[in-house]
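> Shown below is the structure under consideration.
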Ligand code: ADP
């Protein structure tokens with residue numbers, strides 16, 4: 001079974017990596033899918049984000065994980081990939097409220113599409129890409145939120 005884990009990953013955090021590792025042990029194949037033209041202006045380019053996820057994935061020897069990009073509707077990407085399973089992470093009620101609508105819209109656009117939700121591990125449940133960017137923008141220590149490689153790239157971006 002093949003699962004797609006879509007997101008912005010701007011930047012990838014330990015919360016994302018935890019979900020990727022867990023999916024990797026549950027499914028035969030995991031596609032981490034980066035949305036090309038999201039509504040938010042990203043801090044990192046697509047290439048930079050791909051590189052950071054690649055380094056995190058390789059560092060954990062996750063052989064059934066591939067990184068891809070997609071443009072436009074996620075359901076069309078799922079059809080191209082010939083799968084009906086999407087995974088998303090849930091940190092709390094706010095994620096749930098937002099995600100359940102997207103899952104229902106996707107389900108109505110593509111019959112048979114299932115969105116599976118993984119609860120975030122407690123130790124990562126407060127980590128988000130936005131929090132990481134906020135802390136880093138003030139020169140704070142983000143070493144417990146992201147991998148060393150991502151931390152270096154954040155330091156370069158914010159010049160601290
Ligand atoms: P998006 O812009 O699509 O929300 P993100 O990169 O912010 O993309 O998140 C991708 C997915 O990872 C989402 O399902 C989000 O809820 C989940 N996620 C983000 N941070 C965490 C975390 N700390 N623990 C578990 N899941 C997370």
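> Show that you can apply the helix-only estimate: for the chain, add -39,500 (n - 2.57) for every DSSP H stretch of four or more residues, divide by all residues, and state [θ] at 222 nm to the nearest 500. Before the final figure, lay out the partial values.
Details: 6 runs with 71 residues, N = 160.
Helices in the chain give a 222 nm mean residue ellipticity of -13500 deg cm²/dmol.
> Please give the length that would be gained between residue 55 and residue 93 if that part of the chain were fully extended, namely 0.36 nm times their separation in residues minus their C-alpha to C-alpha distance (nm, one decimal). Mind showing how you got there, number by number?
On the way: separation 38, 0.36 × 38 = 13.68 nm, distance 3.08 nm.
Difference between extended and current length: 10.6 nm.
> Could you give the length gained by full extension between residue 134 and residue 25, i.e. 0.36 nm per residue of separation minus their alpha carbon distance, to one decimal place? Don't skip to the answer; put the middle values down first.
Details: separation 109, 0.36 × 109 = 39.24 nm, distance 3.19 nm.
36.1 nm is the gain from fully extending residue 134 to residue 25.
> Determine, at each q value in 0.17 (inverse angstroms), the log₁₀ of I(q)/I(0) that the Debye formula gives when each Cα of region 57-160 is one equal point scatterer.
Those come out to -1.03, one per q.
> For helix 46-59, what angle does its Cα long axis make with the longest principal axis of the chain, in degrees from 0 to 90 and rounded to 10?
The answer is roughly 90 degrees.
> Please work out the FRET efficiency for the pair residue 160 and residue 46, using the Cβ-Cβ distance as r and a Förster radius of 25 Å; give the result to the nearest 0.05.
Details: r = 24 Å, r/R0 = 0.96.
E(calc), rounded to 0.05, equals 0.55.
> Taking Cα atoms, how many degrees apart are the long axis of helix 14-26 and the longest axis of the chain, rounded to 10 and kept between 0 and 90?
Taking the Cα atoms of the chain, the angle to 14-26 is about 40 degrees.
> Give the Cα extents of region 97-136 along the principal axes, in whole Å, largest first.
Principal-axis extents of region 97-136 (Cα, largest first): 41, 19, 14 Å.
> Right, another one. Taking every eigenvalue of the Cα gyration tensor of region 1-103, multiplying by 5 and rooting it, what semi-axes result, largest first, whole Å? Numbers along the way, then the final one.
Values: eigenvalues 67, 58, 46 Å².
Computed over region 1-103, the values are 18, 17, 15 Å.
> Give me the angle, in degrees from 0 to 90, between the Cα long axis of helix 93-109 and the longest principal axis of the Cα atoms of the chain, rounded to the nearest 10.
40 degrees
> Note down the relative contact order for the chain as a percent, whole number, built from C-alpha pairs under 8 angstrom at least six residues apart.
28 percent
No value in this document is a laboratory result; all are computed from the given coordinates. Just so we're clear, the structure is a prediction, and the values are computed from it rather than from any experiment. Positions of Cβ are backbone-derived with ideal geometry, glycine not excepted, and every protein chain shown enters the neighbour counts.
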